[in-house]
Every structure is written in C-alpha cells, then in structure tokens.
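Down below is the structure, laid out as structure tokens.
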Amino acid sequence: MTNRIVVLVSGNGSNLQALIDSCQTGRIRAEIVGVISNVPHAYALERARLANIPTQVIDHRKYPDRAAFEAEMSRVLQEWQVGLIVLAGFMRVLTPAFVNRFSGQMINIHPSLLPAYRGLHTHARVLATGDKMHGCSIHFVTAELDAGAIIAQAITHVMPNDTLETLTQEVQELEHHLYPLVVAWIAAGRIALLGNKVYLDGQELQDPIRICL
Ligand code: GRF
C-alpha cells in the first residue's frame, strides 16, 4: 500500500515538513505513518511530533554493524506496514541487502541534477564548475549511491551573483515543491519502477519529468 509512508531523516526535516503539509491539505492522498531518525536530536523529529506522527530514533552508533542497524529499521518499517519509504535528508548509506529488500518502494531526493554531482557538497561543486543550471532530483534508491532511476527533476538557473547560501536556499525551495508532487503521484499509483525503468501512467519514461520553477 503506497499510501502508508515512512520518512527517514537525519536533520532539519524541511522536506519532511513539506510532505506533512501536503498530506494535511490532501494534496498527497496518503498518510505518513511514522518518521525514523538515526540522529536523536534531529529537528525533523520535533516536526513529526508537532504533527502527531509516531517517531522512532534508531541511533546507528548503538548497533555493532550496519546489518544490525538495518535489521532494526526493517523491523520498525514492517511493524508500521510501510508502503513507501521516503528518504529526506537521511545521511546513512544503506546496504544492498536493505535496498534490494525495498526495491521500488524507496525514493530519495538529491540536491543536484543527477547524474551530475552524486554525493556531498553539490552546491559548492556546481559553483566551482561554473554550471549555468542546477536543481534537485528524485530517484528510486538502488544499491549504488545516488544512481537509481530518476523520476523527476526541478531546475533553476545559476546566476552570476549566486552564492553557496542563495543556491542552497533556491534548491531547497525546489525540493519542497517537487517532493510532495512526486510522492502524490506515487501514492496515487501513477508511478512505478519495473526493472530499472520508471513508468508514469503505464508508459515508460524516456527522460525524467523536468520542472522549471
Ligand atoms: C536536502 O537538501 C536533500 O536534498 C538532501 O538533504 C537535505 C535535507 O534537508 N538529501 P531537510 O532535512 O529536508 O531540511
């Protein structure tokens, strides 16, 4: 059931907030049934509590290895009968075993126009390269980091006077528009992953859906 969503977080949770707001207004026809954080004091947890969403802290430092940490996550996800796992600033790399278990059910948002700039510090790298375009991507999660099939991207133009701060803010604003949109489509059963291809309304996407805001 893709209308039972669990959001995985590690930090501020502004994307979580955008998803909570969209569930509350009915733009996303689904329920966030829980929020898991690997960081005990993540502000995202406070946002979930304020919205009366169950939370679970699974602190990776308290587990002997990744397998044990992920076994606990799987247990909680199963208990909550998750349909869709939404990574929103979740800062742990997941093992292939975990990712494969939830194949087609787990999405991530990344602050670059993938496949460019996988990994960290994307805004600084865009500025250093002098790119004219930047943005964010939402993709299905696969074992290889930031390399799963891309569903959608939102694009902004990089202006000559852009700084790390302005670019970070602009891309976050794009994220807050794009993530609820894509989650709404998945919850409505409009998007699916088959093999490593994304389908929208039963048609294979040749390119990611691109939105310029
Ligand atoms: C976002 O910029 C997202 O692209 C990246 O982590 C950040 C999370 O921000 N994966 P927030 O915690 O949702 O505010």
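The values are calculated or read from the model by the stated rules, or taken from the named source; none is laboratory data. This structure is a prediction, so every number in the text was calculated from the model and none was measured. Note: ideal-geometry Cβ built from the backbone for every residue, glycine included; neighbour counts use all protein chains shown.
Which one of Gly104, Gly135 is of a type outside the set (Asp, Glu), within 25 Å of His60 (Cα to Cα) and touching a Leu at 6+ places or on another chain (Cβ under 7 Å)?
Gly104
Does the range 110-134 hold any residues that are free of Cβ contacts under 8 Å to residues at least 60 places away in the same chain and near the ligand (Cβ under 10 Å from one of its atoms), and which are they?
His110, Ser112, Leu120, Thr122, His123
Pick from Ala67, Ala71, Ala48, Ala30: which is small (Gly, Ala, Ser) and closer than 11 Å to Leu16 by Cβ?
Just one listed residue meets the conditions, Ala48.
Got a sec? Which of Ile85, Ile107 is within 16 Å of the chain's Cα centre (by Cα) and more than 13 Å from the ligand (Cβ to nearest atom)?
Within the list Ile85, Ile107, the selection yields Ile85.
Filter the range 16-33 down to the residues that are in contact with a helix residue (DSSP H, G or I) (Cβ under 9 Å, 6 or more places away or on another chain), in a helix (DSSP H, G or I) and in contact (Cβ under 8 Å) with a residue 24 or more places away in the chain and list them by number.
Passing the criteria: Leu16, Gln17, Ala18, Leu19, Ile20, Asp21, Ser22.
Could you check the range 58-72 and list, in sequence order, the residues that are touching a helix residue (DSSP H, G or I) at 6+ places or on another chain (Cβ under 7 Å) and outside any loop (DSSP other than H, G, I, E, B)?
Listed by number, the residues that qualify are His60, Phe69, Glu70.
Here is a list: Ala124, Ala116, Ala128. Which entry is in the same structural domain as Ile191 (by the TED database), modelled with pLDDT of 95 or more, part of a loop (DSSP other than H, G, I, E, B) and over 18 Å from Tyr179 (Cα atoms)?
Ala116
Does Ile36 count as outside any helix (DSSP H, G or I), within 16 Å of the ligand (Cβ to nearest atom), crowded, with 18+ Cβ neighbours inside 10 Å and not basic (Lys, Arg)? Before the answer, list the steps.
Working: outside any helix (DSSP H, G or I): yes; within 16 Å of the ligand (Cβ to nearest atom): yes; crowded, with 18+ Cβ neighbours inside 10 Å: yes; not basic (Lys, Arg): yes.
Judged against the criteria, Ile36 is a match.
(1) closer than 19 Å to Asn12 by Cβ; (2) touching a Phe, Trp or Tyr at 6+ places or on another chain (Cβ under 9 Å): which one isn't true of Val198, the others all being true?
So Val198 meets the others, but not (1).
Given the residues Asp65, Asp21, Asp59, which is the only one that is within 16 Å of the ligand (Cβ to nearest atom) and among the charged types (D, E, K, R)?
Within the list Asp65, Asp21, Asp59, the selection yields Asp21.
For the subset of the range 168-192 comprising residues that are in contact with a Ser or Thr (Cβ under 8 Å, 6 or more places away or on another chain) and among the hydrophobic types (A, V, I, L, M, F, W, C), which member is nearest to Leu87 (Cα to Cα)?
Of everything passing the filter in the range 168-192, Val183 is nearest to Leu87 (Cα to Cα).
For Val158, indicate whether it is of a type outside the set (Asp, Glu), more than 14 Å from the chain's Cα centre (by Cα) and closer than 21 Å to Pro115 by Cβ.
Spelling it out, Val158 is indeed of a type outside the set (Asp, Glu), more than 14 Å from the chain's Cα centre (by Cα) and closer than 21 Å to Pro115 by Cβ.
Per-residue answers, yes or no, for (1) surrounded by 14 or more Cβ atoms within 10 Å (Cβ to Cβ); (2) more than 21 Å from Thr2 (Cβ to Cβ); (3) in contact with a Pro (Cβ under 9 Å, 6 or more places away or on another chain):
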position: Glu165; (1), (2), (3): no, yes, no
position: Val183; (1), (2), (3): yes, no, no
position: Ala192; (1), (2), (3): yes, no, no
position: Asn196; (1), (2), (3): no, no, no
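Please report, ordered by residue number, the strands (runs of 3 or more DSSP E) entirely within the range 135-213 with at least 1 residues that are within 15 Å of the ligand (Cβ to nearest atom), out of contact with any Gly (no Cβ under 8 Å at 6 or more places or on another chain) and at pLDDT 95 or above.
Values: elements: 150-157, 191-194, 197-200, 209-212.
Counting at least 1 such residues, we get 150-157.
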